[in-house]
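What follows is a set of notes on a single structure, which appears directly below.
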Amino acid sequence: DGGITQSPKYLFRKEGQNVTLSCEQNLNHDAMYWYRQDPGQGLRLIYYSQIVNDFQKGDIAEGYSVSREKKESFPLTVTSAQKNPTAFYLCASSIQGMRTEAFFGQGTRLTVV
Amino acid sequence: QQQVKQSPQSLIVQKGGISIINCAYENTAFDYFPWYQQFPGKGPALLIAIRPDVSEKKEGRFTISFNKSAKQFSLHIMDSQPGDSATYFCAASKGSNYQLIWGAGTKLIIKP
């Protein structure tokens, strides 16, 4: 089955630690995205990548980093510089941009303890 | 000017009724307006989308109405069912192919 897989589903992090969220897709999509979702707010774009070895900052990139070494993979690292990292993180992919249908993973809920 | 304002924040509708969710925008450069549906613990999924050259688009029980002069668009769910209970997000895009401006979401509950 084609789709987009995020892991883990739940993640706990101690303050001061970096953590990496995994996102893999087998849809052969060029574009991939990371969003953050907080209660009562819409999705906010962290980073996006149009093509392998290229990525762009979104609206809230501070404290996050990404890589796009393979077409199917777009991991997100939440660094200790992110002051309020507790949130629901969503990865998405699309054929070519968000003006085509975007497919989302099931999300990773990160909690800082 | 980059905002998309969505209302209501939450909505309770009886089974069989019509659910209506509204969105408003300021930037007249927006030219793509999708609606996404999200169930608890899942990622959003595209429900229906419209471009400003049409005033209405219907897919099954779901209809988008678009009022370009008022800079508003809305989602209507006819014959609402308990399975429609979810959070609905409107969004808008202008030019940039890779960014959407999202509304804050509407939590819809359909009572049996």
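The table below gives the values:
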| quantity | calculated |
| --- | --- |
| Ranked by how many other beta carbons lie within 10 Å on average, peptides A:47-55, B:102-110 from highest | B:102-110, A:47-55 |
| Charge dipole magnitude, Cβ of K and R +1, D and E -1 - chain A, Cα centre, debye nearest 20 | 300 |
| For the range A:36-97, alpha-carbon Rg over 2.2 N^0.38 Å | 1.12 |
| Between the range A:49-110 and the range B:8-44, the alpha-carbon center distance in angstrom | 23 |
| Test item: B:98-108 mean partner chain Cβ contacts at 10 Å | 5 |
| Dipole magnitude of the protein assembly as shown about its Cα centre (Cβ charges: Lys, Arg +1; Asp, Glu -1), debye to nearest 20 | 460 |
| Whole-Hz ³J(HN,Hα) from phi, Karplus 6.51 cos²θ - 1.76 cosθ + 1.60, for the range A:90-102, glycine and proline x | 10, 9, 9, 9, 8, 4, 7, x, 7, 8, 10, 4, 9 |
| Loop trypsin sites (Lys or Arg not before Pro), the range A:40-110, which have at most 13 other Cβ atoms in a 10 Å radius of their Cβ (DSSP) | A:LYS83 |
| Disulfide-incompatible cysteines by the Cβ rule (no partner under 4.7 Å) in the protein assembly as shown | none |
| Amide proton proximity set for B:TYR32, modelled H, under 5 Å, gap of 5+ | B:SER93 |
| Neighbour net charge for A:ASN28 - beta-carbon separation under 13 angstrom, K R +1, D E -1 | -1 |
| Whole-number percent relative contact order across chain A, with pairs defined as alpha carbons under 8 Å at least 6 apart | 35 |
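Here, each number is a calculation from the coordinates, and none is a lab measurement. Just so we're clear, the structure is a prediction, and the values are computed from it rather than from any experiment. Positions of Cβ are backbone-derived with ideal geometry, glycine not excepted, and every protein chain shown enters the neighbour counts.
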